[in-house]
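Encoded as C-alpha cells, the structure appears first; notes follow it.
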Amino acid sequence: MNCRNLIYAIGLFNLCVTSTLIQVSFGKASNFSRCWFPAIYNFGDSNSDTGAVSAAFTGVKPPNGISFFGSLSGRASDGRLIIDYITEELKLPYLSAYLDSVGSNYRHGANFAVGGSSIRPGGYSPFPLGLQVDQFLRFKSRTNILFNQLSDNKTPFKSSLPRPEDFSRALYTFDIGQNDLAFGLQHTSQEQVIKSIPDILSQFFQAVQQLYYEGARVFWIHNTGPIGCLPYSYIYYEPKKGNIDANGCVKPQNDLAQKFNRQLKDQVFQIRRKFPLAKFTYVDVYTAKYELISNARSQGFMSPLEFCCGSYYGYHINCGKKAIVNGTVYGNPCKNPSQHVSWDGIHYSEAANQWVSKRILYGSFSDPPIPIGQACF
C-alpha cells in the first residue's frame, strides 16, 4: 500500500472507530453502531438547494417556505427538502448555502447545490456540478487557512468555520442529474439524450473522484426521480395517447430516467471497486417517489397531478408570482399544501419530501441496504 492509500485508510478507520462510540436505536435498525458525521457537504440542483438561487439571482419568494422556514426559506418548496430531513436524522443543523453570505454558518457543512444545475455545463444554470466541486475546493482551502490563522477558538467567526479535520469525516451527498435529462428533452430528442448519458455520468464520476482525492470518504448518491410524473411533464407532453401510465405519468420520460439510473448504479459499483477505501451508497429515490405517486390517495394526498402553487392551466405563472387575467387571480397558493405531492408542478411539497425521506434514510431503498446513520461502515 502506498503512502496516499495508507493515509486514506487511516482516515476512514478513524471515522469508523469514532462512530462506534455512539449507539443508537432507530427504525428497524436498532442497537447498531452509528456513524458520527460532523458535517455534510451537498451537491445538486433545486431538489436540495437551500438558498443558493435565492442569494445569487432574484430570490425564492413567498409563498415558498410557507409551511416551515418562512419568507427566508430559499427553497423551492413550502417547507423542508430531503436534504433537510437528512440533517435532522444526523442531528446536524440545516445546511447554509455556499453562495449565501447572510447568516450562514459552515461549522457543520455547506450546501453547494444550486437550483437548475446539471452535471454537464450548458444547461439551465451557470453552476454545473464541476463548478460546484471547484467551489468546494476553494471553500476547503480558504477555510483551512482562516481556521489555522485564528488563535481564539471562541471567536464567533472561527466557530462558524469547519474544522479542518472534519472534511475527511464528513458525509458527501449528491442529488443531481434530473436537469441534464430535462434540458436535453427540451432541446434535442430522447434518442440523443439516451446517447448522452455515458458522458453525463463520466463527468459525474470525475467530480466524485476529485472529491475522493481531496479526502472525501463517505458518499450518499441519489438517483433521479420519475421526471415523467411531474405535473409539468404531463401538462406539456404531447402526444399523450399511449404514452401515459395509470398514474398520469409520461412513460417515455420515466423510461429515460430509469435508463439513466441503471447506468448510474453500474457506475457506482465500478467506483466502489476503484476506491475500496471509501463508502458509496446508491439511493433509489426513483422507486420511493413512484411508490408515493402510485399510492398518493391512500397515503392522504390528493391526485399527484394536482399542485399547490403557480399555474400552468389557463395562464402560466410560476410560484411566487401573481397575475389577474379577466378577473381571475392566478398564483395564489392552495390552503392545504400538506395534502399535495407536488408543490409547484415541478418540486415536491414538504409533506411529500418527508414521506420519501422516511423511506430512503433507513436502508429500504439503498445499496447497500443500510441506514444513512451507518453509511460509513
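List of remarks:
- Filtering region 280-304 to residues that are touching a strand residue (DSSP E or B) at 6+ places or on another chain (Cβ under 6 Å) and part of a helix (DSSP H, G or I) leaves only Val285.
- Residues that are more than 16 Å from Gly116 (Cβ to Cβ), part of a loop (DSSP other than H, G, I, E, B), at pLDDT 95 or above and not acidic (Asp, Glu) within region 71-88 comprise Ser73, Gly79, Arg80, listed in sequence order.
Listed here are the residues, each with its yes/no results for (1) within 30 Å of Leu90 (Cα to Cα); (2) in a loop (DSSP other than H, G, I, E, B); (3) open to solvent by less than 20 Å² (accessible area, probe 1.4 Å).
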| site | (1), (2), (3) |
| --- | --- |
| Leu161 | yes, yes, yes |
| Val208 | yes, no, yes |
| Phe219 | yes, no, yes |
| Pro239 | no, yes, no |
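- Annotation note: Cβ proximity below 7 Å between a residue of region 239-255 that is among the polar types (S, T, N, Q) and a residue that is buried (at least 16 other Cβ atoms within 10 Å of the Cβ) and assigned to a strand (DSSP E or B) (sequence gap 6+ or interchain) occurs for Asn243/Val250.
- Residue in region 344-358 that is part of a loop (DSSP other than H, G, I, E, B), loosely packed, with under 15 Cβ neighbours inside 10 Å, on the phi > 0 side of the Ramachandran plot and not aromatic (Phe, Trp, Tyr) present: no
- Test set (1) surrounded by fewer than 18 Cβ atoms within 10 Å (Cβ to Cβ); (2) more than 20 Å from Gly228 (Cα to Cα); (3) aromatic (Phe, Trp, Tyr) - Tyr362 fails condition number: (1)
- Check on Ile194, under 21 Å from Gly123 (Cα atoms) and touching a Ser or Thr at 6+ places or on another chain (Cβ under 8 Å): no
- Single condition Leu277 does not satisfy, out of (1) in a loop (DSSP other than H, G, I, E, B); (2) out of contact with any strand residue (DSSP E or B) (no Cβ under 6 Å at 6 or more places or on another chain); (3) at pLDDT below 95: (3)
- Any chance Asn326 is out of contact with any strand residue (DSSP E or B) (no Cβ under 6 Å at 6 or more places or on another chain), modelled with pLDDT under 95, open to solvent by 60 Å² or more (accessible area, probe 1.4 Å) and closer than 21 Å to Ala76 by Cα: no
- When Ser141, Ser117, Ser151 are screened for being farther than 23 Å from Ala56 by Cα and out of contact with any Cys (no Cβ under 8 Å at 6 or more places or on another chain), only Ser151 passes.
- Check on Phe136, touching a helix residue (DSSP H, G or I) at 6+ places or on another chain (Cβ under 8 Å), outside any loop (DSSP other than H, G, I, E, B) and farther than 23 Å from Asp175 by Cβ: no
- Screening the candidates Ser125, Ser151 for the property of being more than 26 Å from Ile372 (Cβ to Cβ), open to solvent by 30 Å² or more (accessible area, probe 1.4 Å) and of a type in the set (Gly, Ala, Ser) yields one hit, Ser151.
- Looking only at residues in region 68-107 that are open to solvent by 50 Å² or more (accessible area, probe 1.4 Å) and among the hydroxyl-bearing types (Ser, Thr, Tyr), the one that is nearest to Phe37 (Cα to Cα) is Tyr94.
- Residue selected from region 312-322 under the condition under 31 Å from the mean Cα position of the chain (by Cα) and at pLDDT below 90, by the criterion farthest from Pro231 (Cα to Cα): Lys322
- Filter pass, Val283 being touching a His at 6+ places or on another chain (Cβ under 9 Å) and open to solvent by less than 40 Å² (accessible area, probe 1.4 Å): yes
- Number of residues in region 181-195 that are open to solvent by 20 Å² or more (accessible area, probe 1.4 Å) and assigned to a helix (DSSP H, G or I) equals 10.
The values are calculated or read from the model by the stated rules, or taken from the named source; none is laboratory data. Source: prediction; values computed, not measured. Heads up, the Cβs are rebuilt from the backbone with ideal geometry, glycines too, and the neighbour counts pull from every protein chain shown. Areas reflect the complete protein model, heavy atoms only, side chains present, ligands, DNA and RNA absent. Shrake-Rupley method; radii C 1.70, N 1.55, O 1.52, S 1.80 Å.
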